[in-house]
Amino acid sequence: MAEIGIKELKARASQVVDAVGQGVAYVVTKRGIPAAVLLPVEEAEDIVLASASEFVRMRREGRAAYRAGKTTSLRELG
């Protein structure tokens, strides 16, 4: 992930946003310390969805079912 300082971000905001729109992610630093992350919308949506309570619940249930042997293998499905 590329790094960009806050001053450079201010000076090149339009270019940086265009790059993010093309899939580039940035760590924004302030005085050399990471302060924020700029991500393409699709990646940000994935992070939000992965943290959503419903998805977390389903993931935990799926893992518990797998540990208990209550799942179907991909070979059995296909």
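With the condition kept exactly as written, say whether any residue in region 57-70 is outside any helix (DSSP H, G or I), surrounded by 11 or more Cβ atoms within 10 Å (Cβ to Cβ) and at pLDDT 90 or above. Within region 57-70, none of the residues are outside any helix (DSSP H, G or I), surrounded by 11 or more Cβ atoms within 10 Å (Cβ to Cβ) and at pLDDT 90 or above. Being free of Cβ contacts under 8 Å to residues at least 24 places away in the same chain and on the phi > 0 side of the Ramachandran plot is true of ARG31. So, in region 35-47, of the ones that are surrounded by 11 or more Cβ atoms within 10 Å (Cβ to Cβ) and of a type outside the set (A, V, I, L, M), which residue ends up nearest to ARG59 (Cα to Cα)? Only one residue tops the list, namely ASP46. Annotation note: of VAL24, VAL56, VAL41, the sole residue that is touching a strand residue (DSSP E or B) at 6+ places or on another chain (Cβ under 8 Å) and of a type in the set (Val, Ile, Thr) is VAL24. Selection of region 18-34 for residues being surrounded by 12 or more Cβ atoms within 10 Å (Cβ to Cβ), within 21 Å of the chain's Cα centre (by Cα) and not in a loop (DSSP other than H, G, I, E, B) yields ALA19, VAL20, TYR26, VAL27, VAL28, THR29. Could you go through region 48-55 and let me know if any residue there is at pLDDT below 85, exposed (fewer than 11 other Cβ atoms within 10 Å of the Cβ) and under 30 Å from ALA11 (Cα atoms). Within region 48-55, one or more residues are at pLDDT below 85, exposed (fewer than 11 other Cβ atoms within 10 Å of the Cβ) and under 30 Å from ALA11 (Cα atoms).
The values are calculated or read from the model by the stated rules, or taken from the named source; none is laboratory data. Note that the structure is predicted; figures quoted are calculated from it, not measured. Cβ: placed from backbone, ideal geometry, glycine included. Neighbour counts: every protein chain shown.
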